[in-house]
Amino acid sequence: MYRREREISLDSPILVMGMEGWIDAGFGAMNAMAAVRQSIETEPVITFDGDLLLDYRSRRPTMRIENGINTGLTWPTIELRAGRDAAGNDVLLLVGPEPDQQWRAFTTAVCELASSFGVRLAVGLGAFPGPAPHTRPVRLSATATTPELASHIGFMPGVIEVPSGIHGALERGLDLVGIPAVGVWARVPMYVAGSAYPAASVALVEALSRLTGLSVDLSELRAAEELARQRIDQLIAQSGEHLTMVAGLEQQADAEATETESSPLTADNLPSGDEIAAELERFLRGEGGQPGQGGDFPQR
């Protein structure tokens, strides 16, 4: 299932899980993990066998061609990387594409490795689209193995059944081996979910730092957050319908924040989030960005 790249001794590390491929609205988790990796120098200690875990027809390797010559392939890889932040905290990063197969075997392997390294807490990062305005702070929701962890982040009350990504399987597996785990999810406005939304990444990293004490530089993401806010404001201001939509979302967000009752938003008083998202992507392309790439925003 994996190859050990080097022997290493860690002191009660934090495991941060940021695998690609499941829900990641606004590229919130991907850019949060990019900030972590830029702030904390890491090196691979475990490389998983892609031939066992990945479907290369859906995750094709990249071929480099120089003057018509195939000079090599870059294969998608799943790694467990180790490092230490500026404050001296040991950290493990689980990065790479979500496995296409053998989830149970992969989960077992990761949990055994986490136990062997003495992981004290695992944190997964994710982002999902929802009826939220970009003019309010990003709200977070937790999926956790203990009530204390869930309460620390906040959660959606009640019972809900949704399709799971690999992080969900890892949370359950880690709980079974006695390692507390929490998934931190950022709620991204539905109308910007297809483009980079740095505010979600900032919120995820801030929550990660509060939970673990890890030191992560947010200066680049904060600059991107301000630029994104200006671009979205400029787009919304061009349409009375868009302004009405945001005002309705603000009303609901404020009601949720104060735990008061609010009339639900309906298709009768709001335009389609998909329509607004399509307009935003066209707008960002006009500013030099590409749909799904977020212009000047950091991606990795």
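The values are calculated or read from the model by the stated rules, or taken from the named source; none is laboratory data. Values in this document were obtained by computation on a predicted structure and should not be read as measured data. Note: ideal-geometry Cβ built from the backbone for every residue, glycine included; neighbour counts use all protein chains shown.
Observations
- Flag for GLY118 being small (Gly, Ala, Ser), surrounded by 19 or more Cβ atoms within 10 Å (Cβ to Cβ) and at pLDDT 95 or above: no
- Entirely in the range 191-300, the helices (runs of 4 or more DSSP H) that have 1 or more residues that are at pLDDT 95 or above: 198-212, 219-236
- Selection status of ALA105, at pLDDT below 95 and surrounded by fewer than 16 Cβ atoms within 10 Å (Cβ to Cβ): no
- Yes/no for LEU113 being in a helix (DSSP H, G or I) and under 22 Å from MET19 (Cα atoms): yes
- Residue match in the range 184-204 (condition: out of contact with any Gly (no Cβ under 9 Å at 6 or more places or on another chain), touching a residue at least 12 places away in the same chain (Cβ under 8 Å) and either surrounded by fewer than 21 Cβ atoms within 10 Å (Cβ to Cβ) or basic (Lys, Arg) (or both)): no
- Members of the range 52-81 found to be surrounded by 10 or more Cβ atoms within 10 Å (Cβ to Cβ), of a type in the set (A, V, I, L, M) and more than 20 Å from TRP103 (Cα to Cα), listed by number: MET63, LEU73
- For TRP185, the criteria (1) of a type in the set (A, V, I, L, M, F, W, C); (2) more than 20 Å from the chain's Cα centre (by Cα); (3) assigned to a strand (DSSP E or B) hold in every case but one, which is (2).
- Residue within the range 15-35 that is among the β-branched types (Val, Ile, Thr) and over 14 Å from the mean Cα position of the chain (by Cα) present: no
- Just one of (1) modelled with pLDDT under 95; (2) in a strand (DSSP E or B) fails for GLY126. It is (1).
- For the range 8-19, filtered to residues that are in contact (Cβ under 8 Å) with a residue 12 or more places away in the chain and surrounded by fewer than 17 Cβ atoms within 10 Å (Cβ to Cβ), the residue that is farthest from ALA199 (Cα to Cα) is ILE8.
- Top-ranked residue of the range 129-171 - restricted to ones that are charged (D, E, K, R) and without any contact (Cβ under 8 Å) to a residue 60 or more places away in the chain, ranked as surrounded by the fewest Cβ atoms within 10 Å (Cβ to Cβ): GLU161
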